[in-house]
Amino acid sequence: MVISKRAYNLEKRQAKAQKTKDRILVSAKELFESKGFEKVTIEEIAIRAEVSGPTVYSIFQSKSGVLKDLIDVALPQKHYESIIQKLEKEKSVSKRLELTAKLSRQIYDAEKEQLGLLPDVSILNSELKNLEFEREQRRYKRQEESIKRFKEKNLLGELNTSKARDILWAFTGRDFYRMLVIERGWSSDEYEKWLANMLVQILLKP
């Protein structure tokens, strides 16, 4: 198969653009970790990445856009989607909750490795607060199917679907991971096991 010169040049440009983007993300991560998100400027990121400030803006639009991409690449999309597919196909309710706990653990493990969870960023930055709100809304929406299945199988006991959904969303949120793993020193395995057990005990009929 013959690759045209135009196609070759396009692939070359795309590869170069990806390398530039990756270099900016690595530089931003290093600066965020050493100085804190709020104290880092786009210009500093550009200097460390050896690119111009406008280049950073053209790719990410803002410093918050840089952080958003760092969060997005923390857990590879293919890995994330593979867990979601397993969860959606799982017929056992308890196993489904165990997979939910595993998904939460792996997302927050990846974020901790990538960003240390940056616990105060959303409080300090209104743009990031909006970003966090959108991510939480997607997570809340994604969990709707699980709660519907539990209700259809009459497994929620006295809980209505709204309360059950709120509980699932709250327990799988970042705060429990931060308090137990980051602040209290639990291992990720301990957190995952605890979360799975709590979800089964609270959400399902005895």
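Since every read-out is calculated from the coordinates, none of them should be taken as a lab result. In this text the structure is predicted, and so the values were computed from the model without any measurement. Note that each Cβ is placed from the backbone with ideal geometry, even for glycine, and that neighbours are counted across all protein chains shown.
Treating the angle as unsigned and between 0 and 90°, give the value, to the nearest 10°, between the Cα long axis of helix 93-115 and the longest Cα principal axis of the chain.
It works out to around 30 degrees.
³J(HN,Hα) across region 29-35 via Karplus (A = 6.51, B = -1.76, C = 1.60, θ = phi - 60°), whole Hz, x for Gly/Pro?
4, 4, 6, 4, 5, 7, 10
Can you give me the distance in nm between label points at Leu10 and Lys86, each placed 7 Å from the Cα along the Cα-to-Cβ direction?
That separation, rounded to one decimal, is 3.7 nm.
Which entry is the computed Cα extents along the principal axes in Å for this structure: [x] 58, 47, 35; [y] 59, 34, 33; [z] 62, 50, 28?
Among [x] 58, 47, 35; [y] 59, 34, 33; [z] 62, 50, 28, the one derived from this structure is [z].
Given Val40, Ser62, Leu155, which one lies farthest toward the positive end of the charge dipole of the chain, if we put +1 on the Cβ of every Lys and Arg and -1 on the Cβ of every Asp and Glu?
Leu155
Can you tell which of Ile83, Ile45, Ile24 shows the greatest fluctuation in a Gaussian network model of the chain with Cα springs below 10 Å?
Answer for the Gaussian network model of the chain: Ile83.
Which entries in Lys12/Lys86; Lys89/Lys205; Lys153/Lys193 show an alpha-carbon gap greater than 28 Å?
Checking Cα-Cα distances, Lys12/Lys86 exceed 28 Å.
Rounded to whole Å, give me the distance from the Cα center of region 150-206 to that of region 36-111.
What the calculation gives is 22 Å, centre to centre.
If the only charges are +1 at each Lys and Arg Cβ and -1 at each Asp and Glu Cβ, what is the size of the charge dipole of region 162-206 around the Cα centre, to the nearest 20 debye?
Dipole of region 162-206, to the nearest 20 debye: 220 debye.
Give the aspartates and glutamates whose C-alpha is closer than 13 Å to that of Lys163, dropping any in the same chain fewer than 8 places away, or say none.
The qualifying aspartates and glutamates are Glu144.
Any idea what the dipole of the chain comes to, in debye rounded to 20, about its Cα centre with Lys/Arg Cβ at +1 and Asp/Glu Cβ at -1?
Here the size comes out at about 860 debye.
In a GNM of the chain with a 10 Å cut-off on Cα contacts, which of Ala101, Ala15, Ala164 has the highest mean-square fluctuation?
Comparing Ala101, Ala15, Ala164 in the GNM, the peak value goes to Ala15.
How far apart, in nm, are the 7 Å Cα→Cβ label points at Ser187 and Lys39?
Rounded to a tenth, the inter-label distance reads 3.5 nm.
Please return the longest range in the chain lying between exposed loop sites, taking GluC sites (Glu not before Pro), DSSP loop only, at most 14 other beta-carbon atoms within 10 Å, and leaving the sites out.
With GluC sites (Glu not before Pro) excluded where exposed in loops, the chain gives 51-157 as its longest stretch.
Rounded to whole Hz and in sequence order, give me ³J(HN,Hα) for region 186-193 from the Karplus expression 6.51 cos²θ - 1.76 cosθ + 1.60, θ = phi - 60°, writing x for Gly and Pro.
3J(HN,Hα) across region 186-193, in whole Hz: 5, 6, 5, 4, 5, 4, 4, 5.
Which one, Ser188, Ile71, Leu10, projects farthest toward the positive side of the charge dipole computed for the chain from Cβ point charges (K/R +1, D/E -1)?
Positive-end residue among those listed: Leu10.
Which residue, Lys112, Lys151, Lys91, has the most motion in a Gaussian network model of the chain that connects Cα atoms within less than 10 Å?
Lys91
Taking the Cα atoms of region 138-185, report the difference between the largest and smallest coordinate on each principal axis, in whole Å and largest first.
38, 23, 13
Given a Förster distance of 22 Å, report the FRET efficiency between Glu152 and Asp175 from their Cβ-Cβ distance, rounded to the nearest 0.05.
Efficiency, rounded to the nearest 0.05: 0.15.
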